[in-house]
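The values are calculated or read from the model by the stated rules, or taken from the named source; none is laboratory data. Everything quoted here is computed from the prediction, not taken from an experiment. As a convention, Cβ positions derive from the backbone with ideal geometry for all residues, glycine included, and neighbour counts pool all protein chains shown.
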Amino acid sequence: MQKLFLTFFGTGLLPKAPGTWGSLAGMVCAYIILAYFSSTTLFLASILLFLLGVSAVESYEKITGEHDSSHIVIDEVAGVFLAIAISGATFAQILLSFLFFRLLDIKKPSIIGRIDRNVKGGLGVMGDDMVAGFFAGLMSAIAYGICLKFGISLI
């Protein structure tokens, strides 16, 4: 059950780029949540996944002795949920949030990289993705706003 949660129903077990698969699955799940609920619900879901994820990762790392295994993608799901909750619910905003999140999660600039390198355990695994999600949401909202301001159609 724990592995099912940490791999987000097995998406983290897919070959090649498990973080991207986990983020993509999170994006689709976020889209479904937003179809029936508000962005506040998505925001709260990201916080819940973060809290549960910290605990589950801590436990899993004690069992396996492995830190931040590539098949653990619940951190990507929580991060992309946060990015989309901050940015907005249009298809363009969801797509921008996903793209900015993946860029920040892969490159790990500034504080995101410091958290990834220096914070151990579940908080480190989950924390860098939540910070990446926060900044991805802001970047997406800003990019979308600029496009609206200048009449640029994204889709």
Tally up the residues in the stretch 82-108 that are of a type in the set (Gly, Ala, Ser) and touching a residue at least 60 places away in the same chain (Cβ under 8 Å), please.
2
Of (1) in contact with a helix residue (DSSP H, G or I) (Cβ under 7 Å, 6 or more places away or on another chain); (2) part of a helix (DSSP H, G or I); (3) aliphatic (A, V, I, L, M), residue 148 fails just (1)
Checking 75, 68 in turn, the sole residue that is within 20 Å of residue 112 (Cβ to Cβ), outside any loop (DSSP other than H, G, I, E, B), under 15 Å from the mean Cα position of the chain (by Cα) and not hydroxyl-bearing (Ser, Thr, Tyr) turns out to be 75
Only one residue in 91, 100 is more than 19 Å from residue 9 (Cα to Cα) and buried (at least 23 other Cβ atoms within 10 Å of the Cβ). Which one?
100
Let me confirm something: among 83, 136, 141, which residue is out of contact with any strand residue (DSSP E or B) (no Cβ under 9 Å at 6 or more places or on another chain), surrounded by fewer than 21 Cβ atoms within 10 Å (Cβ to Cβ), within 17 Å of residue 30 (Cβ to Cβ) and at pLDDT 95 or above?
141
Please pick out the residue among 56, 45, 25, 35 that is at pLDDT 95 or above, in contact with a Leu (Cβ under 7 Å, 6 or more places away or on another chain) and of a type in the set (Gly, Ala, Ser).
56
Could you list all residues from the stretch 27-65 that are closer than 14 Å to residue 80 by Cα, surrounded by fewer than 18 Cβ atoms within 10 Å (Cβ to Cβ) and touching a residue at least 60 places away in the same chain (Cβ under 8 Å)?
31
Restricting attention to the stretch 4-26, the residues that are in a helix (DSSP H, G or I), in contact (Cβ under 8 Å) with a residue 60 or more places away in the chain and more than 12 Å from the chain's Cα centre (by Cα) number exactly 4
Filtering the stretch 1-23 down to residues that are of a type in the set (A, V, I, L, M, F, W, C) and buried (at least 19 other Cβ atoms within 10 Å of the Cβ), which residue is nearest to residue 103 (Cα to Cα)?
21
Would you say residue 56 is within 15 Å of residue 7 (Cα to Cα), more than 15 Å from the chain's Cα centre (by Cα) and among the small types (Gly, Ala, Ser)?
yes
